[in-house]
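Visitor: Handing you a structure now.
The values are calculated or read from the model by the stated rules, or taken from the named source; none is laboratory data. Keep in mind that this is a model prediction, so the values were computed, not measured. Counting neighbours? That spans all protein chains shown, and the Cβs are built from the backbone with ideal geometry, glycine included.
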Amino acid sequence: MRFIQCYISFFIILFLVSCASTRITSFKDPDYQNKDFNRILIVANTNDLEDRQKLESKMVEEFSNIGIYALESIRLFPPTSELTDEDKVELLLKNNIDAFISISVGESGVSEVYVPQTSSATKTKGNVSVYGNTATYKEKSTTTYQGGYTLNKPWAEFETKVYDVSNGQMAWIASSFTGGNAYANRTTVINSYCGKTVDQLLKDDLIVNQKSK
């Protein structure tokens with residue numbers, strides 16, 4: 001029983017340590033009220049190769065969790081290859097891709113929040129040492145403070161668009177803001193954004209959870 005309690009406590013602490021939340025506003029084109037997509041290419045439009053890999057792989061993972069096939073564009077359109085638009089269309093059709101998601105990374109940064117000192121507590125411990133016929137008493141005081149430090153909270157803005165491969169029409173667009181807590185990092189922000197985006201696509205009926213059928 002004690003082991004289970006410790007195990008649960010560990011994951012509660014882990015959750016509280018690194019967390020981010022995402023606000024998203026979306027719009028679906030009226031022409032797509034009765035259409036959904038099943039095979040999706042993820043395209044992260046950023047020159048930061050690490051961000052591109054993280055965004056695309058995490059988005060693919062989120063789609064996979066609901067049974068939808070998704071593919072990273074870095075695998076289909078490797079940055080080491082020079083491909084024409086015709087080449088890209090051919091690869092999309094060859095892989096039966098019916099939509100692609102374009103992710104644009106907007107402004108991002110770290111917000112500094114100062115937590116003022118609110119209180120302090122002092123603990124004193126005494127220690128007696130004896131040497132021969134002499135006893136010596138020593139005290140040591142330790143003071144701890146609440147507050148008085150700065151927190152760094154990462155944040156980022158994203159714009160997401162879904163295009164229909166069959167006609168090139170934009171079917172969906174969304175803008176979002178993701179903010180993390182003091183223990184979050186860039187990866188935490190990306191994970192929150194990807195999860196919220198897939199949730200919103202489900203809510204807007206542009207995709208269907210294949211595992212719930």
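Visitor: Please count how many residues of the stretch 154-195 are surrounded by 18 or more Cβ atoms within 10 Å (Cβ to Cβ), free of Cβ contacts under 8 Å to residues at least 60 places away in the same chain and among the aromatic types (Phe, Trp, Tyr).
Guide: Matching residues across the stretch 154-195 total 1.
Visitor: Show the residue pairs meeting these rules: Cβ distance below 9 Å; 6+ apart or different chains; first residue within the stretch 24-37 and more than 22 Å from residue 190 (Cβ to Cβ) and touching a residue at least 40 places away in the same chain (Cβ under 8 Å); second residue among the aromatic types (Phe, Trp, Tyr) and surrounded by 16 or more Cβ atoms within 10 Å (Cβ to Cβ).
Guide: 27/172; 28/172; 29/172; 32/172
Visitor: For the stretch 8-35: of the residues being assigned to a helix (DSSP H, G or I), surrounded by 10 or more Cβ atoms within 10 Å (Cβ to Cβ) and not hydrophobic (A, V, I, L, M, F, W, C), which is modelled with the lowest pLDDT?
Guide: Residue satisfying both the conditions and the ranking: 9.
Visitor: Return the residues of the stretch 74-106 that are part of a loop (DSSP other than H, G, I, E, B) and either touching a Phe, Trp or Tyr at 6+ places or on another chain (Cβ under 6 Å) or without any contact (Cβ under 8 Å) to a residue 12 or more places away in the chain (or both); say none if nothing qualifies.
Guide: 78, 80, 81, 82, 83, 84, 98
Visitor: Which one is surrounded by the fewest Cβ atoms within 10 Å (Cβ to Cβ), of the residues in the stretch 196-213 that are among the aliphatic types (A, V, I, L, M) and under 14 Å from residue 101 (Cβ atoms)?
Guide: Result: 202.
Visitor: In a helix (DSSP H, G or I) and β-branched (Val, Ile, Thr): is that true of residue 43 in this structure?
Guide: On the way: in a helix (DSSP H, G or I): no; β-branched (Val, Ile, Thr): yes.
The answer is no for residue 43.
Conditions (1) within 30 Å of residue 90 (Cβ to Cβ); (2) assigned to a strand (DSSP E or B); (3) of a type outside the set (Phe, Trp, Tyr), marked per residue:
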residue	(1), (2), (3)
157	no, yes, yes
161	yes, yes, yes
168	yes, no, yes
171	yes, yes, yes
174	yes, yes, yes
178	no, yes, yes
183	no, no, no
187	no, no, yes
194	yes, no, yes
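Residue by residue, here is whether (1) of a type in the set (Asp, Glu); (2) in contact with a Pro (Cβ under 7 Å, 6 or more places away or on another chain); (3) surrounded by 12 or more Cβ atoms within 10 Å (Cβ to Cβ); (4) under 22 Å from residue 211 (Cβ atoms) holds:
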{"site": "45", "(1), (2), (3), (4)": "no, no, yes, no"}
{"site": "74", "(1), (2), (3), (4)": "no, no, yes, no"}
{"site": "78", "(1), (2), (3), (4)": "no, no, no, no"}
{"site": "90", "(1), (2), (3), (4)": "yes, no, yes, no"}
{"site": "98", "(1), (2), (3), (4)": "yes, no, yes, yes"}
{"site": "107", "(1), (2), (3), (4)": "yes, no, no, no"}
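Visitor: For the stretch 63-71, state whether one or more residues are part of a helix (DSSP H, G or I), closer than 25 Å to residue 165 by Cβ and modelled with pLDDT of 95 or more.
Guide: Checked the stretch 63-71: at least one residue is part of a helix (DSSP H, G or I), closer than 25 Å to residue 165 by Cβ and modelled with pLDDT of 95 or more.
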